[in-house]
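Presented below is the structure to which this report refers.
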Amino acid sequence: MGTLLNFKNLYFDAFDDSQPKFLVTLLKAYSIFCALMISMAIYAFFYRAFTGFEF
């Protein structure tokens, strides 16, 4: 749990005192999009692994 809190603190500290605010919002949205895509790829891999990799 400490590792997740450390990542959260790094994430919020990275965007402190950043300008312009539009760019900060865009980068935050992009990081959420990337996390979503990575989680979907991991899900797809495990789904294929547990169903036998049949095409």
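Observations, loosely collected:
- Leading residue by the ranking (nearest to Tyr11 (Cα to Cα)) among those in the range 26-51 that are under 10 Å from the mean Cα position of the chain (by Cα) and polar (S, T, N, Q): Ser31
- Cross-chain or 6+ apart pairs with Cβ under 8 Å, the range 1-25 first and closer than 17 Å to Ala35 by Cα, then at pLDDT below 80 and surrounded by 10 or more Cβ atoms within 10 Å (Cβ to Cβ): Val24/Phe15; Val24/Ser18
The values are calculated or read from the model by the stated rules, or taken from the named source; none is laboratory data. Quick caveat, the model's predicted, so the values are computed rather than measured. Note that we place each Cβ from the backbone using ideal geometry, even for glycine, and neighbour counts take in every protein chain shown.
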